[in-house]
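All remarks here apply to the structure that follows.
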Amino acid sequence: MTHADPAPLSAFSSCALKGTLRVPGDKSISHRALMLGALASGRTLIRGLLESEDVLNTARAVTALGAPAQKTGDVWEVLGRGTGGLTQPAGPIDFGNSGTGARLMMGVIAPHDVSVSLVGDASLSKRPMARVLGPLKQMGLEVEEKRDRLPLTIRGTSRLVPITYTLPVPSAQLKSAILLAGLGTAGETTVIEPEATRDHTERMLRHFGAEVTTAADGNGTRITIKGEAELEGREVTVPGDPSSAAFLIAAALIVPGSDITIEGVLVNPTRTGFYTTLKEMGGDVSFLNLRQEGGEPIADIRARFSELSGVTVPAERAPSMIDEYPMLAVVAAFARGAMRMDGLAELKVKESDRLAATAAGLVANGVKADINGDTLTVHGTGSVPGGGTVATHLDHRMAMSFLVMGLASAKPVNVDDTAMIATSFPQFRPLMEQIGARFGEGAA
Ligand code: S3P
């Protein structure tokens, strides 16, 4: 799959960032709302769906499988087919850049008598799929190819068998794929999760009427779904994405004089490790007006410029901030002292090898950073020279993190391609400009 031509962009040192704003809907919840809407009987209405390329690909995927998803006015409507009711698509399904879309949909497709070819862009076609295909094959899914990468053709069956599976890696995508397959499987399917990962699938399955129970299992959790439940179409309101808000909050902390508030952001504790860490670094970050909406906790997040210090981020925190490490590493460059981030193995299999790419981006801008096994250490001095060009490797979060760096570095920072930002946060640039950020086309 090809993508739009590369769109290089530079970020320039900016005056104080100010304002009150909202970020678009959470990506994880948006994917799941479309998928469960497709598996429920009747109409699901989704407000605040993230309209990014990744999520729009999932909307097209459920439509191709016989559950049309479309927007009417401000609301997305999915006409669900009921559990086990999806139908054979006419052609291959393209997931673009989205690991979440591809992996979760494998679980959605598995309990259906359909054969589906899944394809993706150059980044997605490099990402490991065996972690999901292994347990789904144990349940009865067939995979035509021997390889572990897209493109792949999978053949589901309405006679899957339930399994009990312990996650070998802390991955919410893997957990979710198994639970979604379990939804269409007679009997009880159990996932044992040694380390907590984001729990939006469990919460949303319950919201749609499925029986999902959790129990302590050693230090972890045992999650069981009762299969062949009849889900009912529901209304879903998607809260603001804390992984998108992270870029604006980080920018406010490092640009002198800044003070911003982002309203209505998801603050589910399985997603807030980044904010916990910023506070430990001395960041003036607060969650205001804490409330519940649609079964998820939300808050308004306020952040003000702060003098920051490096801290050690424990490995156990990684799942709750896995997408925020490139941004955190950039913030660490503006802090004083060493910032040590442990347990980053999963960063190597994201949209790019984010561990290597983040260290390279820092070094290119005059920041000392080193990788030792799964640990990244950034040696912050309180200021960043900048002036480098960052290779984003088809990775939206690399692009956004280093553009934020350029707002507070001595010289501008160039990123080689911003086209992929549209996969998760198309409004990144206008929202940043709204609070005062300065960007320029091409290399500075
Ligand atoms: C996601 C889970 C995480 C995360 C991704 C979204 C999800 O991936 O990096 O952006 O929605 O379940 P892993 O499950 O691979 O850690």
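The values are calculated or read from the model by the stated rules, or taken from the named source; none is laboratory data. Given the structure is predicted, the values throughout are model-derived calculations rather than measurements. Counting neighbours? That spans all protein chains shown, and the Cβs are built from the backbone with ideal geometry, glycine included. Each accessible area value is taken on the protein alone, full model and side chains, heavy atoms only, with ligands, DNA and RNA left out. Shrake-Rupley method; radii C 1.70, N 1.55, O 1.52, S 1.80 Å.
Do we find a residue being among the small types (Gly, Ala, Ser), farther than 21 Å from Ala318 by Cβ, in a loop (DSSP other than H, G, I, E, B) and open to solvent by 60 Å² or more (accessible area, probe 1.4 Å) anywhere in region 391-412? Yes, some residue in region 391-412 is among the small types (Gly, Ala, Ser), farther than 21 Å from Ala318 by Cβ, in a loop (DSSP other than H, G, I, E, B) and open to solvent by 60 Å² or more (accessible area, probe 1.4 Å).
Mind checking whether some residue in region 42-50 is among the small types (Gly, Ala, Ser) and assigned to a loop (DSSP other than H, G, I, E, B)? Quick ask: steps written out before the conclusion?
Kept after step one, since they are among the small types (Gly, Ala, Ser), are these residues of region 42-50: 42, 48.
In the following step, the residues that additionally are assigned to a loop (DSSP other than H, G, I, E, B) were identified as 48.
Within region 42-50, one or more residues are among the small types (Gly, Ala, Ser) and assigned to a loop (DSSP other than H, G, I, E, B).
I'd like the residue in region 134-164 that is within 16 Å of the ligand (Cβ to nearest atom) and buried (at least 20 other Cβ atoms within 10 Å of the Cβ) and, out of all such residues, is farthest from Gln88 (Cα to Cα). Result: Pro135.
Here's the yes/no breakdown for (1) without any contact (Cβ under 8 Å) to a residue 24 or more places away in the chain; (2) within 16 Å of the ligand (Cβ to nearest atom); (3) aliphatic (A, V, I, L, M):
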site	(1), (2), (3)
Pro168	no, yes, no
Ile178	no, yes, yes
Thr201	no, yes, no
Arg206	no, no, no
Glu211	yes, no, no
Ala215	yes, no, yes
Lys226	no, no, no
Glu232	no, no, no
Pro256	no, no, no
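Against the condition more than 16 Å from the ligand (Cβ to nearest atom) and either surrounded by 20 or more Cβ atoms within 10 Å (Cβ to Cβ) or aromatic (Phe, Trp, Tyr) (or both), how does Ala252 come out, does it pass? The answer is yes for Ala252.
Only strands (runs of 3 or more DSSP E) whose full extent lies in region 113-220 are considered here, and the ones with at least 2 residues that are under 26 Å from Leu266 (Cα atoms) are 188-193, 212-217.
Conditions (1) farther than 29 Å from Glu211 by Cβ; (2) touching a Gly at 6+ places or on another chain (Cβ under 6 Å); (3) of a type outside the set (Lys, Arg); (4) modelled with pLDDT of 95 or more, marked per residue:
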| site | (1), (2), (3), (4) |
| --- | --- |
| Pro8 | yes, yes, yes, yes |
| Gly48 | no, yes, yes, yes |
| Leu56 | yes, no, yes, yes |
| Lys71 | yes, no, no, yes |
| Leu86 | no, yes, yes, yes |
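Considering Arg22, Arg60, which residue is assigned by TED's automatic domain parsing to the domain that holds Arg198 and more than 16 Å from the ligand (Cβ to nearest atom)? Unique residue meeting the criteria: Arg60. With the structure loaded, tell me whether Pro89 is away from the ligand (no atom under 16 Å from the Cβ) and open to solvent by less than 40 Å² (accessible area, probe 1.4 Å) or whether it fails that test. It is true that Pro89 is away from the ligand (no atom under 16 Å from the Cβ) and open to solvent by less than 40 Å² (accessible area, probe 1.4 Å).
May I ask you to list the residues in region 98-119 that are surrounded by fewer than 22 Cβ atoms within 10 Å (Cβ to Cβ) and either in contact with a Cys (Cβ under 7 Å, 6 or more places away or on another chain) or among the charged types (D, E, K, R) (or both)? Correct list: Asp113 only. Going through (1) over 26 Å from Tyr325 (Cα atoms); (2) under 19 Å from the mean Cα position of the chain (by Cα) one by one, Arg234 falls short only on (2).
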